[in-house]
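One structure below.
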């Protein structure tokens, strides 16, 4: 048996980002495995940790080695392959090992140490011998307050420090004295945030002749007990206590009395919280494949059948039947005895995707997304870990679903930036999926109508060091419907002709026609709220967040101004705070304002608005989409959550209110994101028998991303965009690392940022890496900055950033990580924070 375990402790510190050695107690020998979650002593406290390796030989004197305190799970929450994946993530994304491990488990298991107070053994014995309940310590008599506290704890066995402090808020010093005298002592244990759910069940404990004798023994006063026993015998199987009480209208005391006589058993039985237990999903069967789908399916299943690792970029136009290919490929995977993960970019896609996958695979599917309760997410995760399901569907963190024999990972809408986590660990689910599939010899499908340029270029050039997908094309819609016609509306021309409305004349007429014909419209606007900013027209004052350098957004429903970065909110001003002028105006257009304008222009119109404000409640996405599907709305108005993945047969018109919003962002991907959004939202129209039409309103009709999206011409857009990227040395022709430094004092931050950049350049030069990327060498590294971040202050912290551009086989991540650590060691300023983002998707 193994004698020692190396444990990564859950202490967020650079000094603890390494495994510590602990002895494995005899009682835990054989139970502890790689991936086990344990409670271990660390300093004066008990902390949670994860076992990352086991060893027979002790690496130090065992007398100095502390033993593991407790094993927190009989089944390790992390299979060994996920522990290896966490180590890979730590290297690739310059994050700590513990942050990578924590990202892989549900929040219910992110336990913290709870302090428990006990009575020392000798004082427990003393209380038993003394009839008056008087306790002695060093021959000194305890007072009444001390006796009361000790008696309470002794009766309870142990209580948490938080509970004891709440019960005796005025006796904190008394409790401290008892601890100091050794009458009370403290221990710690890891407590999870959520426990397994149980329900009380009742079953008959007698049968045959014994049951007849039991029924005959009841007198008149026990008539209700007799009824309960007769009911239990008739059913013949355990029932929930709740069902027994509600069906027979008896009390719990009646059932308990029956159990006390030995005629029934009451047990706590574990049940899984099922977020979809009240939903009926209509069963579906595989559709006949089109010739294009058949070709794609053949490539995918050959890889599955051979248990080979393969990455496929499925480029299919909107409505080409990519989801049906996913479903049939997963069915093949399951038939081979393996499991599959399906990733969707955000929660708005989940209801419809869940319906499709539950309809095809039923109870074989587990769903993992943020809108479930903590307990529901925990139980869905346990279904996966315990092998009760074969398919997991969810957002980016579902890539860590703990399947034992993973055969397939599907990543729908692979171009979506939401697959990149913006908090530590800043991983990209696409790269993690490819690495995880490599571990298992599994296939990866990256599906999109508008693949990211990195994925598409990697497929075409076959030069990416991490993945080089094989590209598969689907250019036709199975229904035979054509892609919708797209009209570009120049809003400058509308303004010159006197139309100051947010709706062009063509879009206004199109909405009116759909209402008249009983068809539906989707309107897309990439802004929530009523107005994007509030300004005084007298002095130019703009309402801004006091903690972030960004203007506040006006929300009409609550009549307040809100910061969408830190959450700060304040009532909307009626006069200018600077000059007291009453000329306060609301500029820009938000979803709330569009909704109000629609109601004015089309009296009686039914608008369903979907944005962060209307979908914050649990189940709101599903309710709103179902209402639109049931034709309880004429217009579905929303932000990005209405732009992709939705399929409604009666939607024949899509309107884009302001197409150039994303083009104005300080981001080299702004043209790509605009093209993708416009193409995706246009794909919501005319997906079935009725033809579709799209109106794109813009002040930049000549921009190439808008022109190519109106033609559904992905390849022409890619050619033009790649020319710009090559000239400026941006991905996919280089790799990026974004380093953001923040501090509460601007002068201090500026000095520290200069020190960091200087140290980074010096290290790169000594390695022979540093130089202009225009040099015709296969390996080069350039450092831009430090400069103020596009959002220079958030939550009262100033922000500066450095951008590292590099190409070739350079270990730039280690260079940046080591420079960051050296800077922190040299400056020793607790307020300084350095964030490293490898392959960033957001540069704000």
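The values are calculated or read from the model by the stated rules, or taken from the named source; none is laboratory data. Only a predicted model underlies this, so the values are computations on that prediction, with no experimental measurement involved. When we count neighbours, we look across all protein chains shown, and the Cβ atoms used for this are built from the backbone with ideal geometry, even at glycine.
If residue 375 meets every condition in (1) crowded, with 22+ Cβ neighbours inside 10 Å; (2) under 22 Å from residue 195 (Cβ atoms) apart from one, which number is that one?
Status for residue 375: all satisfied but (1).
Has region 303-310 got at least one residue that is under 23 Å from residue 380 (Cα atoms), surrounded by fewer than 19 Cβ atoms within 10 Å (Cβ to Cβ) and outside the structural domain of residue 617 (by TED's automatic domain parsing)?
Scanning region 303-310, I find no residue that is under 23 Å from residue 380 (Cα atoms), surrounded by fewer than 19 Cβ atoms within 10 Å (Cβ to Cβ) and outside the structural domain of residue 617 (by TED's automatic domain parsing), so the answer is no.
Given region 559-652, what strands (runs of 3 or more DSSP E) lie entirely inside it while holding 1 or more residues that are surrounded by fewer than 17 Cβ atoms within 10 Å (Cβ to Cβ)?
560-562, 569-571, 584-587
Yes or no, residue by residue, for (1) part of a helix (DSSP H, G or I); (2) touching a helix residue (DSSP H, G or I) at 6+ places or on another chain (Cβ under 8 Å); (3) free of Cβ contacts under 8 Å to residues at least 60 places away in the same chain:
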{"position": "313", "(1), (2), (3)": "no, yes, no"}
{"position": "324", "(1), (2), (3)": "yes, yes, no"}
{"position": "329", "(1), (2), (3)": "yes, yes, no"}
{"position": "334", "(1), (2), (3)": "yes, yes, yes"}
{"position": "354", "(1), (2), (3)": "yes, no, no"}
{"position": "358", "(1), (2), (3)": "yes, no, no"}
{"position": "362", "(1), (2), (3)": "yes, no, no"}
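Tell me, which helices (runs of 4 or more DSSP H) wholly within region 695-769 include 2 or more residues that are over 33 Å from the mean Cα position of the chain (by Cα) and over 30 Å from residue 501 (Cα atoms)?
714-728, 746-766
Within the bounds of region 120-130, is there any residue that is under 22 Å from the mean Cα position of the chain (by Cα), at pLDDT below 85 and more than 23 Å from residue 816 (Cα to Cα)?
no
Would you pick out the residues in region 530-545 that are closer than 26 Å to residue 614 by Cα, at pLDDT 80 or above and assigned to a loop (DSSP other than H, G, I, E, B)?
If the condition is that a residue be closer than 26 Å to residue 614 by Cα, at pLDDT 80 or above and assigned to a loop (DSSP other than H, G, I, E, B), then 543, 545 are the ones that fit.
Of everything in region 534-550, what is buried (at least 19 other Cβ atoms within 10 Å of the Cβ) and free of Cβ contacts under 8 Å to residues at least 60 places away in the same chain? Give them in sequence order.
Matches in region 534-550: 534, 535, 536, 543, 545.
Within the set of pairs 6 or more residues apart or between chains, which connect a residue that is without any contact (Cβ under 8 Å) to a residue 60 or more places away in the chain inside region 189-214 to a residue that is buried (at least 17 other Cβ atoms within 10 Å of the Cβ) and not in a helix (DSSP H, G or I) with Cβ atoms less than 6 Å apart?
Filtered contacts from region 189-214: 206/263; 214/206; 214/263.
For region 256-290, name all the residues that are in a helix (DSSP H, G or I) and either assigned by TED's automatic domain parsing to the domain that holds residue 336 or in contact with a strand residue (DSSP E or B) (Cβ under 6 Å, 6 or more places away or on another chain) (or both).
Once the filter is applied, which keeps residues that are in a helix (DSSP H, G or I) and either assigned by TED's automatic domain parsing to the domain that holds residue 336 or in contact with a strand residue (DSSP E or B) (Cβ under 6 Å, 6 or more places away or on another chain) (or both), region 256-290 yields 258, 259.
Got a number for residues in region 785-798 being modelled with pLDDT of 90 or more and touching a helix residue (DSSP H, G or I) at 6+ places or on another chain (Cβ under 8 Å)?
Of the residues in that region, 2 qualify.
Can you tell me how many residues in region 340-351 are more than 18 Å from the chain's Cα centre (by Cα) and either without any contact (Cβ under 8 Å) to a residue 40 or more places away in the chain or surrounded by fewer than 21 Cβ atoms within 10 Å (Cβ to Cβ) (or both)?
Residues flagged as more than 18 Å from the chain's Cα centre (by Cα) and either without any contact (Cβ under 8 Å) to a residue 40 or more places away in the chain or surrounded by fewer than 21 Cβ atoms within 10 Å (Cβ to Cβ) (or both) within region 340-351 amount to 0.
Just to check your reading of the model, which residue among 784, 791 is part of a strand (DSSP E or B), in contact with a strand residue (DSSP E or B) (Cβ under 8 Å, 6 or more places away or on another chain), in contact (Cβ under 8 Å) with a residue 60 or more places away in the chain and surrounded by fewer than 18 Cβ atoms within 10 Å (Cβ to Cβ)?
Only one candidate passes the filter, namely 791.
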